[in-house]
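Input: a single structure, listed below in structure tokens.
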Amino acid sequence: MKVKEVEAYIIKNSRGESAIEVRVNKKFVAAAPSGASTGKYEVSAFPKKGIKFAINSVNNYKGLKGMKFETFEDLAFFDDFISSWGADTVIAVQLAILKAMSGNKIWKFLNPKAKKFPTPLGNCIGGGMHTKKQGEDVQEFLLMPSGKTFEEKMVLNDYVYRKIGKALGTKQRTDEGAFMPNMTDTEIFDFLYEFLNNYENTLHSRVKFGIDLAASSLWNGKFYTYKSFAPEKKLNKFIREDQIDYINELIRKYKLAYVEDPMQENDFVGFSMINKKTLVCGDDLIVTNLDRMKEAIRNDAVNCVIIKPNQIGSLTKTKEVVDLAHKMDINTVISHRSGETMDASIAHLAVAWSIPYIKTGIYGAERRVKLKELVKIEQEIKG
Ligand code: 2PG
Ligand code: MG
């Protein structure tokens, strides 16, 4: 595929912030999302001079026109641009080129034999940084549905989400379209546990749940501070050891299937002390960075890792983290960001790379477009 034309420009993401979109050879368009609870070790989304500077850098870069890209590995060419263009810029350019190389069929281009589909992890109740700290402390309560096909699981998540909304009687939503009730963490844990154990609420299927605590946003260097803490506890500040006990107790009491970022982003050893009967997932801890993935492996910190291409700013580097995780029997979760666009590329990457989970949210056009893309791919593959 030869690049004839490249155009970068600004669009608005789901939070109304400026985001970058790139168009290659007129027809192939890709955009990058952005986070609110970003990890300290993520690559910056844009250079210091800002998004406009990044966009001009792409549009004024003469070398791109006439370049040929034939394989996924060719995209590594842009790794040298990460610091000057920023992570979001490189990801949007790489994705647009990948779409052009594949005629918008990324999954097939990367893995024509693909046949595994991810389970959707759906954010149904939320707080933390996705509500500017107006909601409860836990950033995301996530549904993990069961089912034979991706579509079945998606439909189940959607059904349960709506039912939860009715039961809570709230219409307020977080950045990711999760409900934002006026409840404490403990009240929500109790509610979800009871609700999901009543099979009349779940179309008689098993729906488990888990959380993204995004614990770095509670940590001040000494304590984890909970705004609305369990009424039976007098203290709302936890030192590290209390935090470990608290999380392990939550896992036991509510049979959590998934726990993301239960400890702050520097505490590999703390992660290793969390009960691995459940999926213990590193997001801000690993930030899709190969060196941090290795550090996590050395410490036995996780059995699951979040994959967000724009944390590291390179699709080829992202793939290295996925490959190492799978080689070490560590689960992967490809993930949207809280500020999302209509780009559905992560759906394709999930299928191409046999990623077992996708976190995309349940509600809102920018989340649904990724789920619907997976349904489309499933129909194509399974007929
Ligand atoms: C997370 C993400 C996505 P953000 O913490 O996992 O849910 O949030 O994009 O704000 O970093
Ligand atoms: Mg997270």
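The values are calculated or read from the model by the stated rules, or taken from the named source; none is laboratory data. Predicted, not measured: the structure shown is a model, and the values here were computed from it. Neighbour counts are summed over all protein chains in view; Cβ atoms, including those assigned to glycine, are modelled from backbone coordinates with ideal geometry.
Please verify whether Leu250 is of a type in the set (A, V, I, L, M), within 16 Å of ligand 2 (Cβ to nearest atom) and either at pLDDT 95 or above or buried (at least 24 other Cβ atoms within 10 Å of the Cβ) (or both), treating the condition exactly as stated.
no
Within segment 137-165, the residues that satisfy the criterion of being within 16 Å of ligand 2 (Cβ to nearest atom) and in contact with a strand residue (DSSP E or B) (Cβ under 8 Å, 6 or more places away or on another chain) are Val138, Gln139, Glu140, Phe141, Leu142, Leu143, Met144.
Looking across segment 262-284 at every residue that is without any contact (Cβ under 8 Å) to a residue 60 or more places away in the chain and among the charged types (D, E, K, R), the one that is nearest to ligand 1 (Cβ to nearest atom) is identified as Asp267.
Look at Ser44 and say whether it is without any contact (Cβ under 8 Å) to a residue 60 or more places away in the chain, under 21 Å from the mean Cα position of the chain (by Cα) and outside any helix (DSSP H, G or I). Show your work before the answer.
On the way: without any contact (Cβ under 8 Å) to a residue 60 or more places away in the chain: yes; under 21 Å from the mean Cα position of the chain (by Cα): yes; outside any helix (DSSP H, G or I): yes.
When the stated conditions are applied, Ser44 passes them.
Residues in segment 15-41 that are part of a strand (DSSP E or B) and out of contact with any Gly (no Cβ under 8 Å at 6 or more places or on another chain): Ser18, Ile20, Glu21, Val22, Arg23, Val24, Phe28, Val29, Ala30, Ala31. Restricting attention to segment 24-58, the residues that are surrounded by fewer than 20 Cβ atoms within 10 Å (Cβ to Cβ) and touching a Phe, Trp or Tyr at 6+ places or on another chain (Cβ under 8 Å) total 3. Condition first: at pLDDT 95 or above, crowded, with 19+ Cβ neighbours inside 10 Å and more than 16 Å from ligand 1 (Cβ to nearest atom). Now tell me which residues in segment 172-194 satisfy that. If the condition is that a residue be at pLDDT 95 or above, crowded, with 19+ Cβ neighbours inside 10 Å and more than 16 Å from ligand 1 (Cβ to nearest atom), then Pro181, Ile188, Phe189, Leu192 are the ones that fit.
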